[in-house]
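Engineer: Just dropping this structure here.
The values are calculated or read from the model by the stated rules, or taken from the named source; none is laboratory data. What you see is a predicted model; the values in this text were computed from it and never measured. Here the Cβ positions follow ideal geometry from the backbone for every residue, glycine too, while neighbour counts run over all protein chains shown.
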Amino acid sequence: MIGRLQGQLIHQEPPFLLLDVNGVGYEVEAPLSVFFELPHVGEQVTLIIHHLVREDASILYGFNKMSQRELFRSLLKVSGIGAKSALAILSTMSGAEFIQNIHNQNVDAMVKIPGIGKKTAQRLIIEMKDKVSPVGHAEVSLPGQQAQPSKMSAQFEAESALQALGFKPQEASAMVKQVASEGMPVEEIIRLCLQNRG
């Protein structure tokens, strides 16, 4: 099983990125939080990997923190939560925010996540409350993994991120134009877009 990859970033288009490791290209699926911290294309990157093997596919999920992968794996054990929903959760809020919402039993925050309805949100809170703790999921980055300035505009990046979460291109564009303003960070644009959908 693959647990870690280090190589050259060849391409990124959320939710997928392509990593060249010694001449072998690995396609990795990742939450938006990972894309916010990626270096520019052509540079080196290290990812913590969750390798999912099914009868019909072998899928790699990438994270830049051990805690993200740990939380992702915990989410997969919740009834009704698959990899797509787990990625949506990690794309919509940080691990710390998710854990805080779990312990505060904040159903309203959970249902703003694409694909998460009220019943699923309630089940998440019940099943995850004893599995996560703020101390156990500290946001620790890999050595040398620092946030890099993006070549894409914040609005364009937000639109791409929303499309990765399942929104149609025209819908994502309209959502971003409604909330975005000059100098607003990508994370804030996405957060406001999702709040308006709630």
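Engineer: Examine region 50-60 for a residue that is in contact with a strand residue (DSSP E or B) (Cβ under 8 Å, 6 or more places away or on another chain), touching a residue at least 24 places away in the same chain (Cβ under 8 Å), buried (at least 21 other Cβ atoms within 10 Å of the Cβ) and of a type outside the set (S, T, N, Q), and state whether such a residue exists.
Structural biologist: no
Engineer: Looking at this structure, is SER91 of a type in the set (Ser, Thr, Tyr), in contact with a Pro (Cβ under 6 Å, 6 or more places away or on another chain) and crowded, with 17+ Cβ neighbours inside 10 Å?
Structural biologist: yes
Engineer: Can I ask one more? Name, by its number, the condition in (1) under 25 Å from SER160 (Cα atoms); (2) more than 15 Å from the chain's Cα centre (by Cα) that does not hold for LYS77.
Structural biologist: Going through the list (1) under 25 Å from SER160 (Cα atoms); (2) more than 15 Å from the chain's Cα centre (by Cα), LYS77 breaks only (1).
Engineer: Go through (1) within 18 Å of LYS131 (Cα to Cα); (2) within 17 Å of the chain's Cα centre (by Cα) for LEU18 and report which single condition fails.
Structural biologist: It is condition (1) that LEU18 fails.
Engineer: Could you check how many residues of region 21-33 are under 13 Å from the mean Cα position of the chain (by Cα), assigned to a strand (DSSP E or B) and either surrounded by fewer than 17 Cβ atoms within 10 Å (Cβ to Cβ) or not hydrophobic (A, V, I, L, M, F, W, C) (or both)?
Structural biologist: The qualifying residues number 1.
Engineer: Does region 34-41 include one or more residues that are closer than 15 Å to PHE72 by Cα, surrounded by 15 or more Cβ atoms within 10 Å (Cβ to Cβ) and modelled with pLDDT under 95?
Structural biologist: Within region 34-41 (the criterion being closer than 15 Å to PHE72 by Cα, surrounded by 15 or more Cβ atoms within 10 Å (Cβ to Cβ) and modelled with pLDDT under 95), the answer is yes, since at least one residue qualifies.
Conditions tested, residue by residue: (1) within 26 Å of GLN155 (Cβ to Cβ); (2) of a type outside the set (D, E, K, R); (3) assigned to a strand (DSSP E or B).
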| position | (1), (2), (3) |
| --- | --- |
| PRO39 | yes, yes, no |
| GLU55 | no, no, no |
| SER67 | no, yes, no |
| ARG73 | no, no, no |
| GLN122 | no, yes, no |
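Engineer: Next up: For region 105-120, which residues satisfy the criterion of being in a loop (DSSP other than H, G, I, E, B) and touching a residue at least 60 places away in the same chain (Cβ under 8 Å)?
Structural biologist: VAL111, LYS112, ILE113, PRO114
Engineer: Have a look at ALA121, ALA96, ALA88 and point out the one that is on the phi < 0 side of the Ramachandran plot, at pLDDT below 90 and outside the structural domain of ALA180 (by TED's automatic domain parsing).
Structural biologist: ALA96
Engineer: Scan region 176-198 and report the pairs whose first residue is outside any helix (DSSP H, G or I) and whose second residue is among the β-branched types (Val, Ile, Thr), with Cβ atoms within less than 7 Å and a gap of 6+ or a chain change.
Structural biologist: What qualifies is ALA180/ILE189; GLY198/VAL111.
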